[in-house]
């Protein structure tokens, strides 16, 4: 009787050591190993478009924070809609192009800003950078061995070695997901495709800390609720997938390029207020709280000029306090620090590169 091979992984969804200084670079290297290195493009959410608009706060916003954009009549914003993954040429309906994302910069003045980074999945694949790195390694190995198998099959001849490697990678990935509920939920969750970037809800997965004029501190996560309602293409059956394949490869960007200024996209930004018993510092666990406070209306009505060049330069930050705004700060969620390091490395790379025309790259 053959001995069963047992693969063991750390429980990265619930625990992890303190982040090391080298972790952000390891994460960047791992993601670029999966998706390829595309000079001048972001390491992840590589495909996207820069847009502009304004934010108008509600009266309720003033009760939560002294932050300038919560207390002035309106604030200009620069935002970036994107699809998931690190492939600049990925089809918008591809499963790897999920979650969709939007990063928003509230530009208080020429030197002061704060950012909100969100995506269409309510949570994250791991609650630490180490956990996410472990996830990327097993996930990436499936893609690498799959490509090697396809290449061997195209060459002809014996593919037994490549078949075995691909099979082992799949078994390891399955075992990993079996031991890590958050990663399994991330992988197996629905992969919705919106009618346009303004018909899907976006979630900020990390806790931010707001302080009002009385010194009261409130822990929040944000949601961006589309004012036109949520409208998604069905993606459950073979017939659904056939219909999706008829959409243009860049249908989301194409819509942005032709809809403005006549058809602005708008969202109500909600602050999801944490309960005392909510888990604040684990992005894989949504709040149980049912308290939502509308903090303002986000309106997008323009595609930015010189888009590609500006995208190379602008670097959104998961740390909401980095741009110098008082009344809003990062929480102790360890993912914020790790994500900040990843974004810094990725931004430094693309700002010093000549953007090359990307080539198709399949996982």
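Across 96, 40, 156, mean-square fluctuation computed from a Gaussian network of the chain (C-alpha pairs under 10 Å connected) peaks at 156.
What's the exposure ranking of 204, 230, 253, going from fewest to most Cβ atoms within 10 Å?
Values: 204 24, 230 14, 253 20.
In order of increasing Cβ crowding within 10 Å: 230, 253, 204.
Direction-averaged shadow area of the convex hull around the Cα atoms of the chain, nm²?
Values: hull surface 84.2 nm².
Across all orientations, the chain yields a mean hull projection of 21.0 nm².
Compared with the dominant Cα axis of the chain, that is its longest principal axis, helix 23-35 is turned about 60°. The long axis of helix 129-155 is offset from the longest Cα principal axis of the chain by roughly 40 degrees.
Evaluate E = 1/(1 + (r/R0)^6) for residue 151 and residue 188, where r is the Cβ-Cβ distance and R0 equals 25 Å; express this FRET efficiency to the nearest 0.05. Present the calculation step by step, with values, prior to reporting the outcome.
Details: r = 28 Å, r/R0 = 1.12.
Computed FRET efficiency for residue 151 and residue 188: 0.35.
Rounded to the nearest 0.05, the FRET efficiency derived from the C-beta distance between residue 235 and residue 170 at R0 = 22 Å is 0.45.
Cβ crowding within 10 Å, taken as a proxy for footprinting-reagent exposure, orders 252, 133 from fewest neighbours to most as 133, 252.
Given the -39500 (n - 2.57) contribution per DSSP H run of 4+ residues, what per-residue ellipticity at 222 nm results for the chain, rounded to the nearest 500 deg cm²/dmol? Walk me through the numbers on the way to the answer.
Numbers: 10 runs with 119 residues, N = 363.
When only DSSP H runs of four or more count, the value is -10000 deg cm²/dmol.
Taken along the Cα-to-beta-carbon direction at a fixed 7 Å, the label points for residue 181 and residue 95 span 2.3 nm. Taken along its principal axes, the alpha carbon cloud of segment 236-363 reaches lengths of 47, 43, 37 Å, longest axis first. Here the gap between residue 63 and residue 218, fully extended at 0.36 nm per residue and compared with their Cα-Cα distance, gives a gain of 54.8 nm. Note on segment 99-178 and segment 231-261: Cα centroid distance 23 Å, given to the nearest whole angstrom.
Each value in this text was obtained by applying a stated rule to the coordinates, not by laboratory testing. These numbers were taken from a predicted model, which means no experiment stands behind them. No Cβ is skipped: glycine too gets one built from the backbone with ideal geometry, and neighbour counts run over all protein chains shown.
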